[in-house]
Amino acid sequence: MNLLDSVEELKGVGPKTAKILYKYGIRTVKDFFYNLPRDYENFEAPTSISEIRPGKVVIRGKIDSLTTRRARKRNLSITEGVIRDKTGAIKTIWFNQSYRMRQFDPDKEYYFTGNYEFKNGRYSLISPSAALVSDIDPSSGLSPVYVAHGSLKSHDFKRLMEKSRDQFAKIPDLLPTVRTGIRKDALFFAHFPNSLKSAQGARDYLAYEELFELILAARLNRRENEKLKATSIPFDASRVKDFVGRLPFKLTNAQRLASWEIFQDMEKDTPMNRLLQGDVGSGKTMVAAMAAYEAVLSGAQVALLAPTAILATQHYEKLRDLLEPFKITVALLTGASKNKKNLKENIKNGKISLVIGTHALLTDDTEFLALGLVIIDEQHRFGVEQRQKLVLKSPSELAPHLLAMTATPIPRSLQLTLFGDLDVSVLNELPKGRQPISTKIITEVETKTELYPKMQEVLNKKPDPKGKSTKAHGQQIYWICKTIEDGGASLGMDGSKLGGGSEVVSVKKRTKRLQEVFPDKVVEFLHGKMKPAEKDEVMGRFANGKIDILVSTTVVEVGVDVPNATLMVIENAESYGLAQLHQLRGRVGRGSSMSFCYLLTSGDIPPSRRLRELEKSSDGFYLAEIDLKLRGPGEIYGSLQHGALDLKIASLADTKLIHRAQVDVEKFLQNPENMLKYKELMDGMVKYQQLTTLN
């Protein structure tokens, strides 16, 4: 059996079904078999209707009296029916699932699983799933539940899997294992479990398989990187001491250690491949400045790539002030830069030692004389191809040293797996003088009595001395909204409505309301759909103190440095992940004044654990570990880099399984013949190597 054959080769998959599967990334036979159930319904002990109680229930019965109608006030369809067993009957209702009208045979029995609750003046079974009794293995009572893909619902996938049941026996093993056939058995029992124990065992093996592939990709990346050559940048202790001695502050111990690790890497004739991760405000730019200083004084050019023009400008201003006293030429190259032709000519002939820029650095006509160090800020915002394009601008047959920076704290287990091909330096201390951010959860009903008075107090305070405010008085405020335009329900992380269906207040509507509440203040908005020049203009005026309250979407999440902004309000806080909330909060607390963050909730549901954790802790690394446990790796990794990690089964919180996979990968690599023996495994490395590489 060839797992790379088109999914159309399977029984029951015609052109129409294949087109839907293709749309959702299920293109091959392998993709199809690895489309695992998200859960299993257990039908071993259904409840009789006469004994039904509110809550989640499983009922075995027949259904009739099906009708569908359109709701008057909202654009949705309502399908209703009556479920009966020998003891009684109950109403059931589905929303926007009109296909249920065609699903049921009134003469057949089904298992219905859902919540029995009081709604619209009566008790009903709300949006239950349904499975034919005859389709359920009576020995296990289990039925897999698949994620719906377009018009293909869970029961469609069960039907297709059943038609391919005899094909599982032909699936070859992927990894070296203690026994043959373990992969086909794991996939079979993942789809057709005879007990919950067999389903869990299957998923455990498939999780191990995923981790093995990911860790192997990272190790192969490291091997490839070690084959490259780079210009050695010798460490000069006296000039580094001179640089540090002129700073108006003391480096933290974490900054000293990270700098030393970088200096040691740059001395080697193989390219440095290091990730510098530090919480917001931990001083990553200063460490990058020291690395650039050493490289330039050794005769190399340095390029710093930033995701936005305003962030590039901030880096330019800081690094220019730090390095120009040492006669190091620093330039800014963005899409809006003037005299670009002359600027690029000076980069090409080596007259400019350090250039800081955005995507303009990646254009073909931006050439370097001796690019020896590349620094990428917020590296997750650039794809693999973009990063490689800058790396390839180094002298012929030499790779530049690479330092990537991120303000997203990465859990230790993620470091070990995703970034096994590079070294990691951690800044886990904040510089002296940085004030902690006071975080508080408040409800919408407290807005007028508590939040608005606090905002007025902050707006009347003297500007922070580290800021650029042009006003005689007044600190500044961020207010974060979920949407740009009006309308839409407030959704939680699981897609459910929050706060009993309260509406999300848009950026534009919130701006108007705050203008009414604070008529003597300048209130403006910012969002991602604005043109880059517009965003930069608004953000620039906010940075210079010309805007008192900036109402924005999460476009301000990373990089913007406004010391005079000392209060942030995050509306509908429940709809954000913990890591993102922490990143947003990091936009305040960047000066010497006390800063505040208010997490605004609807108030009719208790605060979630992630909000309570954020309220009590400002440690980004601790919060990253909590976030990993609460949400899984996909969400975290999605915020680290373009492209999804897409782990379907494995949990990167499972340190025991990670360790086992690491040990087995090392054994695998000790035998070069394995690269030829396990062809499917090696062919699949390309995807994971692209996801885990920096260089």
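Only the coordinates and a few stated rules stand behind these numbers; no lab work does. Because the structure is predicted, anything quoted here is derived from the model rather than measured. Glycine also receives a Cβ, built like all others from the backbone with ideal geometry; neighbour counts cover every protein chain displayed.
Taking the mean number of other Cβ atoms within 10 Å as a proxy for protection, how do you rank 590-598, 345-353 from highest to lowest?
Going by the mean number of other Cβ atoms within 10 Å, highest first, we get 590-598, 345-353.
Okay, which of the range 1-31 sit inside 12 Å, backbone N to the point 7 Å along the Cα-Cβ direction of LYS648?
Flagged as within label range: 25-31.
When the helix-only estimate is applied to the chain (DSSP H runs of n ≥ 4, each -39,500 (n - 2.57), divided by the residue count), what is the mean residue ellipticity at 222 nm, nearest 500 deg cm²/dmol?
-10500 deg cm²/dmol
Between 0 and 90 degrees, rounded to the nearest ten: what's the tilt of helix 253-267 against the longest Cα principal axis of the chain?
For helix 253-267, the angle is close to 80 degrees.
In percent, what relative contact order does the chain have, based on Cα pairs under 8 Å that are 6 or more apart in sequence?
Result for the chain is 12 percent.
How much length is gained if the chain between LYS197 and GLU80 is pulled fully straight, taking 0.36 nm per residue apart and subtracting their Cα-Cα distance, in nm to one decimal?
Result for the pair: 38.5 nm of gain on full extension.
Angle between the Cα long axis of helix 655-669 and the longest principal axis of the chain, 0 to 90 degrees, nearest 10?
It works out to around 70 degrees.
Would you order SER259, SER198 from fewest to most other beta-carbon atoms within 10 Å of each residue's own beta-carbon?
SER198, SER259
Please work out whether the range 44-135 counts as rounded, prolate or oblate from its C-alpha gyration tensor, where a ≥ b ≥ c are the square roots of the eigenvalues and a/c under 1.5 means rounded, while otherwise a/b larger than b/c means prolate and anything else oblate?
Oblate, because a/c is 1.5 or more while a/b does not exceed b/c.
Test of understanding: ordering GLU80, GLU457, GLU294 by Cβ neighbours within 10 Å, fewest first, what list do you get?
Ascending number of Cβ neighbours within 10 Å: GLU457, GLU80, GLU294.
Work out the length of the dipole vector of the chain about its Cα centre, built from +1 on the beta-carbon of each Lys and Arg and -1 on the beta-carbon of each Asp and Glu, and round it to the nearest 20 debye.
So the dipole magnitude of the chain works out to roughly 1480 debye.
Just in the range 59-138: which chymotrypsin sites (Phe, Trp or Tyr not before Pro) are loop by DSSP and have at most 15 other Cβ atoms within 10 Å?
Those that pass, being in a loop and sparsely packed, are TYR99.
Could you point to the label whose value was computed as Rg/Rh (Cα atoms, Kirkwood Rh) for the structure here, given [x] 1.04; [y] 1.01; [z] 0.95?
Entry [y].
Can you tell me the 0 to 90 degree angle between the C-alpha axis of helix 309-323 and the longest principal axis of the chain, rounded to 10?
Tilt of helix 309-323: around 30 degrees.
How long, wide and thick is the range 237-427, going by the Cα atoms along their three principal axes, in whole angstroms, largest first?
Sorted largest first, the three principal extents are 44, 38, 33 Å.
Any idea which of ILE649, ALA186, PRO519 is furthest toward the positive side of the dipole for the chain, if Lys and Arg beta-carbons carry +1 and Asp and Glu beta-carbons -1?
Projecting each Cα onto the dipole axis, the largest value belongs to PRO519.
Could you give the size of the charge dipole of the range 44-135 about its Cα centre, using +1 on the Cβ of each K and R and -1 on the Cβ of each D and E, expressed in debye and rounded to the nearest 20?
Approximately 660 debye in magnitude.
Mind checking which of PRO248, ALA407, PRO395 is farthest towards the positive end of the range 237-427's charge dipole, using Cβ charges of +1 (Lys, Arg) and -1 (Asp, Glu) about the Cα centre?
Positive-most Cα among the choices belongs to PRO248.
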